[in-house]
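First the structure, in the form of structure tokens, and then the observations on it.
The values are calculated or read from the model by the stated rules, or taken from the named source; none is laboratory data. Since this is a predicted model, take the numbers as computed values, not measurements. In this analysis, Cβ positions are derived from the backbone assuming ideal geometry, glycine residues included, and neighbour counts consider all displayed protein chains.
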């Protein structure tokens with residue numbers, strides 16, 4: 001009889017089918033979790049980017065309008081605004097601002113590109129606000145994806161001015177802009193997935209009180 005025990009056959013190197021399937025299942029679970037987290041983060045980043053663009057778009061438009069309304073009826077020579085000519089004329093369809101920016105004593109209101117006559121209009125069909133320089137100028141897009149743009153006029157007592165015949169009484173203009181994101185957010189259930197943002201301001205042009 002041999003003094004040495006018989007050696008057992010070595011187990012083949014590698015994984016069994018069961019071990020391989022378990023490893024693959026665990027790997028798929030991990031990959032699925034990573035992919036889900038990445039998708040959520042991507043959607044969140046996209047939504048935040050859309051919100052940022054929307055707010056920047058509206059705030060930029062409002063800031064420009066406020067600055068230009070503040071200049072309404074600027075008339076250093078005191079000759080540019082004869083009777084019947086106003087820094088802001090009442091209109092329900094457009095916001096028109098006049099000022100003698102070059103100080104030459106006259107208004108170049110009909111001149112194309114004239115900053116002495118600025119007209120803002122809400123284009124509801126295309127959801128945008130346009131800005132036109134001079135009555136002969138071409139309207140340019142100031143802000144898009146705008147769902148509402150309102151402007152109201154008030155006199156020195158805070159009463160609404162609702163007629164062009166009372167344009168000389170306007171002392172304050174109230175602005176309100178509502179915008180929406182350009183793209184829909186799948187995680188936002190309302191308004192077709194498009195978030196909205198509203199901003200408003202009261203503007204009292206100092207020269208309108210003169």
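Scanning the range 134-149 turns up no residue that is assigned to a strand (DSSP E or B) and closer than 17 Å to residue 89 by Cα.
Set side by side, the residues 71, 65, 21 differ, and just one is modelled with pLDDT of 95 or more and more than 15 Å from residue 207 (Cα to Cα), which is 65. Of everything listed in (1) at pLDDT below 95; (2) touching a helix residue (DSSP H, G or I) at 6+ places or on another chain (Cβ under 6 Å), the single unmet condition for residue 171 is (1). The single condition from (1) under 18 Å from residue 171 (Cα atoms); (2) modelled with pLDDT of 95 or more that residue 83 fails is (2). For beta carbons closer than 7 Å, sequence separation of 6+ or different chains, a first residue in the range 151-170 that is in contact (Cβ under 8 Å) with a residue 60 or more places away in the chain and a second that is part of a loop (DSSP other than H, G, I, E, B) and surrounded by fewer than 17 Cβ atoms within 10 Å (Cβ to Cβ), the qualifying pairs are 161/155; 164/91; 170/155. The set of residues from the range 184-201 being in a loop (DSSP other than H, G, I, E, B) and either within 15 Å of the chain's Cα centre (by Cα) or modelled with pLDDT of 85 or more (or both) comprises 184, 189, 190, 194, 195. Taking the criterion of being assigned to a loop (DSSP other than H, G, I, E, B), touching a helix residue (DSSP H, G or I) at 6+ places or on another chain (Cβ under 6 Å) and either farther than 16 Å from residue 53 by Cα or modelled with pLDDT of 95 or more (or both), would at least one residue in the range 152-166 satisfy it? The answer is yes, given that some residue of the range 152-166 is assigned to a loop (DSSP other than H, G, I, E, B), touching a helix residue (DSSP H, G or I) at 6+ places or on another chain (Cβ under 6 Å) and either farther than 16 Å from residue 53 by Cα or modelled with pLDDT of 95 or more (or both). Count of the range 150-182 residues, restricted to those that are more than 22 Å from residue 203 (Cβ to Cβ) and buried (at least 16 other Cβ atoms within 10 Å of the Cβ), is 2. Would you check if there is a residue in the range 118-125 being in contact with a helix residue (DSSP H, G or I) (Cβ under 9 Å, 6 or more places away or on another chain), free of Cβ contacts under 8 Å to residues at least 40 places away in the same chain and either closer than 23 Å to residue 207 by Cβ or surrounded by fewer than 18 Cβ atoms within 10 Å (Cβ to Cβ) (or both)? No, the conditions are met nowhere in the range 118-125. The conditions of being touching a helix residue (DSSP H, G or I) at 6+ places or on another chain (Cβ under 7 Å) and assigned to a loop (DSSP other than H, G, I, E, B) are met by residue 86.
Counting only residues that are crowded, with 16+ Cβ neighbours inside 10 Å and at negative phi, the range 71-101 holds 18 of them.
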